[in-house]
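Participant: Just dropping this structure here.
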Amino acid sequence: MVALDFKKLRSSDRIFTLSRIDDKAPLSSTGMVDGRLFSGENKLHAIMDEQTCLWTFKYALGITPEPLKQRFTTFSNLKKYAEEYFARRNVKITEVID
């Protein structure tokens, strides 16, 4: 029998902390990126559906942008997509809170 190390189990709801790459305004094809993501008033969540084990994005407040309304089979794929998506908008992921 294998003992589980519960300290290594990761959360199915992880929060991305975002910041601007430089002091320029974030870019978006439809306007500005939600500024509340940088101040902490709004949060970007990565949530795993317990039944399907697929990962999705969700904003704590407001509507998630269409490009982020996708499903991913692994957290690493979701994170890679988020890094590329936000890099094109002058935003970087500074931390993932588990």
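The values are calculated or read from the model by the stated rules, or taken from the named source; none is laboratory data. Keep in mind that what you see is a predicted model, and the values were worked out from it rather than measured. Cβ placement follows ideal geometry from the backbone for every residue including glycine, while neighbour counts extend to all protein chains displayed.
Participant: Out of region 80-94, which residues are closer than 16 Å to TRP55 by Cα and touching a residue at least 40 places away in the same chain (Cβ under 8 Å)?
Facilitator: The answer is ALA82, and nothing else.
Participant: (1) modelled with pLDDT of 90 or more; (2) under 11 Å from LEU18 (Cα atoms): which one isn't true of TYR85, the others all being true?
Facilitator: Among (1) modelled with pLDDT of 90 or more; (2) under 11 Å from LEU18 (Cα atoms), the lone unmet condition for TYR85 is (2).
Participant: While we're looking at this one, here's another question. Find all pairs meeting these conditions: Cβ atoms under 8 angstrom apart; at least six residues apart or on different chains; first residue within region 61-76 and closer than 18 Å to ARG89 by Cα; second residue in a loop (DSSP other than H, G, I, E, B) and among the polar types (S, T, N, Q).
Facilitator: Sorted first by the residue in region 61-76, then by its partner, the pairs are PRO65/SER28; PRO65/THR30.
Participant: Only residues that are at pLDDT below 90 and of a type in the set (Ser, Thr, Tyr): list them for region 30-63, please.
Facilitator: Matches in region 30-63: THR30, SER39.
Participant: What tally of residues in region 30-59 results from selecting those that are surrounded by fewer than 16 Cβ atoms within 10 Å (Cβ to Cβ), within 20 Å of ARG10 (Cα to Cα) and among the small types (Gly, Ala, Ser)?
Facilitator: Qualifying residue count for the region: 0.
Participant: Quickly run through region 73-90 and pick out the residues that are over 12 Å from the mean Cα position of the chain (by Cα) and hydrophobic (A, V, I, L, M, F, W, C).
Facilitator: Answer for region 73-90, where residues must be over 12 Å from the mean Cα position of the chain (by Cα) and hydrophobic (A, V, I, L, M, F, W, C): just ALA87.
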